[in-house]
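The values are calculated or read from the model by the stated rules, or taken from the named source; none is laboratory data. Quick caveat, the model's predicted, so the values are computed rather than measured. Every residue, glycine among them, receives a Cβ derived from its backbone with ideal geometry; neighbour counts consider all protein chains shown.
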Ligand SMILES: [Zn+2]
Ligand SMILES: [Zn+2]
């Protein structure tokens, strides 16, 4: 049986369904990830791009890192949440922010 993991943006209209296990899980504390997440570091899971189905309307923002490499972020135009991104140099993989996987049934409303 293949496990399907569901991620969505804050408003829920943009979703990513990921089939199977991630091939890479990482954390990053670079400035760009801090600004994207609003936290001290980011955490993301990468899957083969053909194992991820994205549904909903998204916009794309392209960033050029100090290394000169490009990254492309898919984000919701309604709530601003980034649901997925790809990086030049990590071809064939797509990153999903781990926090986007939170199962609604387990969500705890900490902040009103
Ligand atoms: Zn949204
Ligand atoms: Zn980073």
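Can you confirm whether residue 102 is within 16 Å of ligand 1 (Cβ to nearest atom) and free of Cβ contacts under 8 Å to residues at least 24 places away in the same chain?
Details: within 16 Å of ligand 1 (Cβ to nearest atom): yes; free of Cβ contacts under 8 Å to residues at least 24 places away in the same chain: yes.
In short, yes.
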**Asked** Do we have any residue at all in the stretch 70-84 that's surrounded by fewer than 13 Cβ atoms within 10 Å (Cβ to Cβ), at pLDDT 95 or above and within 16 Å of ligand 2 (Cβ to nearest atom)?
**Response** no
| request: Using the structure shown, decide if residue 94 is surrounded by 13 or more Cβ atoms within 10 Å (Cβ to Cβ), under 12 Å from the mean Cα position of the chain (by Cα) and within 16 Å of ligand 2 (Cβ to nearest atom). | output: yes
When residue 63 is run through (1) touching a residue at least 24 places away in the same chain (Cβ under 8 Å); (2) surrounded by fewer than 17 Cβ atoms within 10 Å (Cβ to Cβ); (3) more than 16 Å from ligand 2 (Cβ to nearest atom), the failure sits at (3)
